[in-house]
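Notes follow the structure.
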Amino acid sequence: TRLGTQYEILLSVYDDRGQLIPAYEFVRTAEKYNRMQAVDRWVVGHMLDWMTKNQSTVEAMGGICINLSGHSLNDEELLEFIYHRLSQNDAPIEKLWFEITEAAAISNVHSVVDFMNELKEIGCHFCLGNFGAGMSSYHFLKELPVDMIKIDGTFIKTLATDESDRAMVRSMTEMVHFMGKELIATQVEDKQCLDILTALGVDYAQGYLIEKPHLISNL
């Protein structure tokens, strides 16, 4: 593998009673009420500020991955905001990855491809998330200029007991490698699963076996 340890940025959101709202529930609600663009804008701006202030920490990392919803990628103002912030910021842009989630929600693939190519020119990288979860996954693998593929966790959780999941992961791995890209398996929680992924040729793993989430201030 060619990359050092990568870190994915996650959100923790608490309700008025101090209870943690599950990330899945929070994101779905934000998308339903058309607020995901505001969330993504806040995360990108906050992380660029953090990267600028903590450059020595960032230099020791293989990369930092920020999720962008397909819903947000339909917002031209958000794309302009991201490009503007990156072009004026002193953050080490070459360490920055954007993971595209809910790619099926993208309404204009061609404009998103142009946006991605512009950011790749200044050093950013892109990952296609939730791969295999939708019928259009291979279409977006072909259309979007991504550098990395993240296999959906539903194929990984039962890898040790489900032969069909192993066959599908093997197929995804062969296809992605044929296209000259690399893969990440998510939700890797035990050594047996990791050994199977290694045997199948998957390049990277993410999950509780590797490291559990913690506050960015604890890096």
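Conditions tested, residue by residue: (1) in a helix (DSSP H, G or I); (2) modelled with pLDDT of 90 or more; (3) in contact with a strand residue (DSSP E or B) (Cβ under 9 Å, 6 or more places away or on another chain).
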residue	(1), (2), (3)
ARG85	yes, no, no
TRP97	no, yes, yes
ILE100	no, yes, yes
VAL113	yes, yes, no
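For the range 16-25, check the following and say yes or no: at least one residue is open to solvent by 50 Å² or more (accessible area, probe 1.4 Å), in contact with a Leu (Cβ under 7 Å, 6 or more places away or on another chain) and assigned to a helix (DSSP H, G or I).
Yes.
Within the range 147-161, track down each residue that is surrounded by fewer than 20 Cβ atoms within 10 Å (Cβ to Cβ) and either among the aromatic types (Phe, Trp, Tyr) or part of a helix (DSSP H, G or I) (or both).
GLY153, THR154, listed by residue number.
What are the residue pairs meeting all of these: first residue in the range 190-219, first residue over 16 Å from ILE151 (Cβ atoms), second residue in a helix (DSSP H, G or I) and of a type in the set (S, T, N, Q), Cβ atoms under 6 Å, and 6 or more apart or on different chains?
Within 6 Å, the pairs are LEU219/THR57.
Out of the residues in the range 127-146 that are exposed (fewer than 15 other Cβ atoms within 10 Å of the Cβ) and part of a loop (DSSP other than H, G, I, E, B), state the one that is modelled with the lowest pLDDT. Can you show your working first?
So the first thing to find is which residues in the range 127-146 are exposed (fewer than 15 other Cβ atoms within 10 Å of the Cβ), and the list is 134-136, 138-139, 142, 145.
Next, from what is left, pick out any that are part of a loop (DSSP other than H, G, I, E, B): 134-136, 145.
Details: GLY134: 74, MET135: 68, SER136: 76, PRO145: 94.
Per the criteria, the residue is MET135.
Output the residues belonging to the range 163-198 that are of a type in the set (A, V, I, L, M, F, W, C) and either assigned to a loop (DSSP other than H, G, I, E, B) or open to solvent by 70 Å² or more (accessible area, probe 1.4 Å) (or both). Give the steps one after another, and end with the answer.
To start, the set of residues in the range 163-198 that are of a type in the set (A, V, I, L, M, F, W, C) comprises 167-169, 172, 175-176, 178-179, 183-185, 188, 193-194, 196-197.
Listed by number, the residues that qualify are MET168, MET175, PHE178, MET179, VAL188.
Can you name the condition, by its number, that GLU211 falls short on among (1) open to solvent by less than 50 Å² (accessible area, probe 1.4 Å); (2) closer than 30 Å to ASN54 by Cβ; (3) charged (D, E, K, R)?
The one condition GLU211 does not meet is (1).
Can you name the residue in the range 68-88 that is open to solvent by less than 30 Å² (accessible area, probe 1.4 Å) and of a type outside the set (Gly, Ala, Ser) and, of all such residues, is farthest from ARG28 (Cα to Cα)? Show your work before the answer.
Within the range 68-88, the first condition is being open to solvent by less than 30 Å² (accessible area, probe 1.4 Å), and the residues that meet it are 68-70, 72-73, 78-79, 82, 86.
From what is left, the residues that are of a type outside the set (Gly, Ala, Ser) are 68, 73, 78-79, 82, 86.
Details: LEU68: 13, LEU73: 16, LEU78: 19, LEU79: 21, ILE82: 22, LEU86: 27 Å.
Among those residues, the one meeting the criterion is LEU86.
The values are calculated or read from the model by the stated rules, or taken from the named source; none is laboratory data. For clarity, every value in this text was computed on a predicted model and none was experimentally measured. Glycine gets a Cβ as well: all are built from the backbone with ideal geometry, and neighbour counts include every protein chain shown. SASA here: full protein model, heavy atoms, side chains in, ligands and nucleic acids out. Shrake-Rupley method; radii C 1.70, N 1.55, O 1.52, S 1.80 Å.
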